């Protein structure tokens, strides 16, 4: 994946509603979800949902297919995997067999005094 395409994908996912939509579609698997199901699951208005889905489509992260009167959307796993590959391609300085360990989250600050 080229840097410009990775930026398009990351930009598309850099919004809470679009990230939620994409995660719902990834969870739905190959069958995907109908636009109406996505609207019901997220509570988004039709125009808002359409706008967010169009941004994800342009980034190649979502594809859809018309089934009669229903538009079925699904996550594009090859594009998602290409983005993950791009983000991790230089992981551990490219050492074969090296297992990268994620950063440990910082403990939450206590607000009690």
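The values are calculated or read from the model by the stated rules, or taken from the named source; none is laboratory data. Keep in mind that this is a model prediction, so the values were computed, not measured. Note that each Cβ is placed from the backbone with ideal geometry, even for glycine, and that neighbours are counted across all protein chains shown.
For this structure, a couple of remarks:
- When the test is whether a residue is over 11 Å from the mean Cα position of the chain (by Cα) and either surrounded by fewer than 19 Cβ atoms within 10 Å (Cβ to Cβ) or farther than 30 Å from residue 90 by Cα (or both), residue 4 passes it.
- The stretch 58-72, residues that are out of contact with any strand residue (DSSP E or B) (no Cβ under 7 Å at 6 or more places or on another chain) and under 18 Å from residue 13 (Cα atoms): 58, 59, 60
- Answer residue from the stretch 83-113, given it is touching a helix residue (DSSP H, G or I) at 6+ places or on another chain (Cβ under 8 Å) and at pLDDT 70 or above and is surrounded by the fewest Cβ atoms within 10 Å (Cβ to Cβ) among those: 87
- Among residues of the stretch 16-33 being in contact with a helix residue (DSSP H, G or I) (Cβ under 9 Å, 6 or more places away or on another chain) and without any contact (Cβ under 8 Å) to a residue 40 or more places away in the chain, the one that is surrounded by the most Cβ atoms within 10 Å (Cβ to Cβ) is 18.
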